[in-house]
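Okay, structure first, notes after.
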Amino acid sequence: MNEIFLIGKVVNKVQYKFIINSKKYFSKVEFEIELDKQKFKVKGYNNIADYCYRKLKNDNKIFINGTIEKNMIISIKNILII
């Protein structure tokens, strides 16, 4: 399993979705971050999604601990606003 640590800036509005899937409920958040002129898509679920929706704004500088999926989207394990 791969693990990544990034420090970047939020560059677009956080997109929040609440999903109902066969008796399961979960929340999902998606946004982009920029590091040295490269942009990465980021996603998180449940408690992390709720935290991101409440706290993150454009131009926030953040620290992310996560994993890279095969489509180069970063899945968040931990996030911190710095």
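The values are calculated or read from the model by the stated rules, or taken from the named source; none is laboratory data. Keep in mind it's a predicted model, so treat the numbers as computed, not measured. Cβ placement follows ideal geometry from the backbone for every residue including glycine, while neighbour counts extend to all protein chains displayed. To get the accessible areas, we keep the full protein, side chains included, count just its heavy atoms, and leave off ligands, DNA and RNA. Shrake-Rupley method; radii C 1.70, N 1.55, O 1.52, S 1.80 Å.
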Check your understanding: Give me the pairs: first residue in region 28-45 and under 14 Å from Lys17 (Cα atoms), second residue acidic (Asp, Glu) and modelled with pLDDT of 95 or more, beta-carbon distance under 6 Å, and six or more apart or on different chains, which are they?
Key -> Lys43/Glu30
Review point. When Asp50 is evaluated against the numbered criteria (1) in a strand (DSSP E or B); (2) surrounded by fewer than 17 Cβ atoms within 10 Å (Cβ to Cβ), which criterion, by number, is the only one it fails?
Key: (1)
Practice item. Please give the number of the condition Asn12 fails out of (1) within 12 Å of the chain's Cα centre (by Cα); (2) modelled with pLDDT under 95; (3) open to solvent by 50 Å² or more (accessible area, probe 1.4 Å). Key: (3)
Review point. Which of (1) touching a Cys at 6+ places or on another chain (Cβ under 9 Å); (2) modelled with pLDDT under 95 does Phe31 not meet, given it meets every other one?
Key: (2)
Review point. Just to be sure, is Phe63 within 12 Å of the chain's Cα centre (by Cα), at pLDDT 95 or above and surrounded by 13 or more Cβ atoms within 10 Å (Cβ to Cβ)?
Key: yes
Exercise for review: Among what's in region 1-36 and is part of a strand (DSSP E or B) and hydroxyl-bearing (Ser, Thr, Tyr), pick the residue that is nearest to Lys57 (Cα to Cα).
Suggested key: Tyr16
Practice item. Find the residue count for region 52-82, including only residues that are at positive phi and touching a residue at least 40 places away in the same chain (Cβ under 8 Å). Key: 1
Practice item. Answer yes or no as to whether Lys39 is of a type in the set (D, E, K, R), out of contact with any Asp or Glu (no Cβ under 8 Å at 6 or more places or on another chain) and assigned to a strand (DSSP E or B). Key: no
